[in-house]
1. Across segment 19-60, what is the number of residues that are surrounded by 18 or more Cβ atoms within 10 Å (Cβ to Cβ) and of a type in the set (Ser, Thr, Tyr)?
2. Do any residues in segment 64-76 that are closer than 11 Å to LEU90 by Cα have Cβ atoms under 7 Å from those of residues that are near the ligand (Cβ under 8 Å from one of its atoms) and assigned to a loop (DSSP other than H, G, I, E, B), where the two are at least six apart or on different chains, and which pairs are they?
3. Within the group LYS63, LYS4, LYS85, which residue is surrounded by fewer than 20 Cβ atoms within 10 Å (Cβ to Cβ), part of a loop (DSSP other than H, G, I, E, B) and more than 15 Å from the chain's Cα centre (by Cα)?
4. Against the conditions (1) surrounded by fewer than 16 Cβ atoms within 10 Å (Cβ to Cβ); (2) assigned to a loop (DSSP other than H, G, I, E, B), where does PHE133 fall short? Just the number, please.
5. Looking only at segment 9-21, filter to residues that are assigned to a loop (DSSP other than H, G, I, E, B) and within 14 Å of the chain's Cα centre (by Cα); which one of those is nearest to the ligand (Cβ to nearest atom)?
6. With the condition kept exactly as written, say whether any residue in segment 70-89 is in contact with a Cys (Cβ under 8 Å, 6 or more places away or on another chain), of a type in the set (A, V, I, L, M) and more than 21 Å from TYR28 (Cα to Cα).
7. Pick out the one residue from LYS123, LYS54 that is of a type in the set (Lys, Arg), free of Cβ contacts under 8 Å to residues at least 40 places away in the same chain, assigned to a helix (DSSP H, G or I) and within 16 Å of the ligand (Cβ to nearest atom).
8. Taking the residues in segment 25-49 that are assigned to a helix (DSSP H, G or I) and in contact with a strand residue (DSSP E or B) (Cβ under 6 Å, 6 or more places away or on another chain) as candidates, determine which candidate is farthest from VAL110 (Cα to Cα).
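Just so you know, all these numbers are worked out from the coordinates, no wet-lab data involved. Quick caveat: nothing in here was measured; it's all calculated off a predicted structure. Positions of Cβ are backbone-derived with ideal geometry, glycine not excepted, and every protein chain shown enters the neighbour counts.
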Amino acid sequence: MNKKLITNAVLISSDHAGFNLKEIIKKYLISKDFKVQDLGPYNNDSVDYPDYAKKLSKKINDKKFGILICGTGIGMSIMANRYKKIRASLVFNTKTAKLAREHNNANILVLGSRVTNKNNALKIVNVFFKTSFLKGRHLRRVKKFKNV
Ligand code: RB5
């Protein structure tokens, strides 16, 4: 695939369950010349995923993208999507990674380290950051997320 990247700067965070996968993805992104801001944790001691979802979500907008990882990806998704500007998408394969960007204009990619293996996760990351929002009817729908 030789598509243009949607950004070259990514914020990343996890809980203890997602820590190892966070480190792998961080190294992968750095090797692809992304600027990566790691918001922690910095070891795999037990932490609470809402704390890290909040820390990252506050810094995300339509131009700043992030990655959150916990065991299933579910807790991170629930927490992140409480922020108005966040469209966090829990993704399991390259197809949902592509559609999360094309249809939902996802600005946070959420992964579950206990349900997604390393190779699949790297393929997902690759597709996510190379896929643009399609706008059109999808923009109309995304606008309806507001004011609830
Ligand atoms: C931590 O054990 C686990 O609950 C967390 O990583 C996540 O899967 C929550 O949704």
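1. So the count comes out to 3.
2. ILE69/GLY18; ILE69/SER113; CYS70/ASP15; CYS70/ALA17; CYS70/GLY18; THR72/ARG114
3. On the way: LYS63 fails: more than 15 Å from the chain's Cα centre (by Cα); LYS85 fails: more than 15 Å from the chain's Cα centre (by Cα).
Criteria check complete, one pass: LYS4.
4. (1)
5. Step one: list which residues in segment 9-21 are assigned to a loop (DSSP other than H, G, I, E, B), which gives 15-18.
From the residues that got through so far, the ones that are within 14 Å of the chain's Cα centre (by Cα) too are 15, 18.
Values: ASP15: 5, GLY18: 6 Å.
Ranking the candidates gives ASP15 first.
6. Residues of segment 70-89 that are in contact with a Cys (Cβ under 8 Å, 6 or more places away or on another chain), as a first pass: 76.
Those left that are additionally of a type in the set (A, V, I, L, M): 76.
Add one more test, that the residue is more than 21 Å from TYR28 (Cα to Cα), and what stays is 76.
Among the residues of segment 70-89, at least one is in contact with a Cys (Cβ under 8 Å, 6 or more places away or on another chain), of a type in the set (A, V, I, L, M) and more than 21 Å from TYR28 (Cα to Cα), which makes the answer yes.
7. When all the criteria are applied, what remains is LYS54.
8. From segment 25-49, those assigned to a helix (DSSP H, G or I) are 25-31, 49; that's our starting set.
Then drop every residue that is not in contact with a strand residue (DSSP E or B) (Cβ under 6 Å, 6 or more places away or on another chain), which leaves 26, 29-30, 49.
Numbers: LYS26: 14, LEU29: 15, ILE30: 19, TYR49: 12 Å.
Per the criteria, the residue is ILE30.
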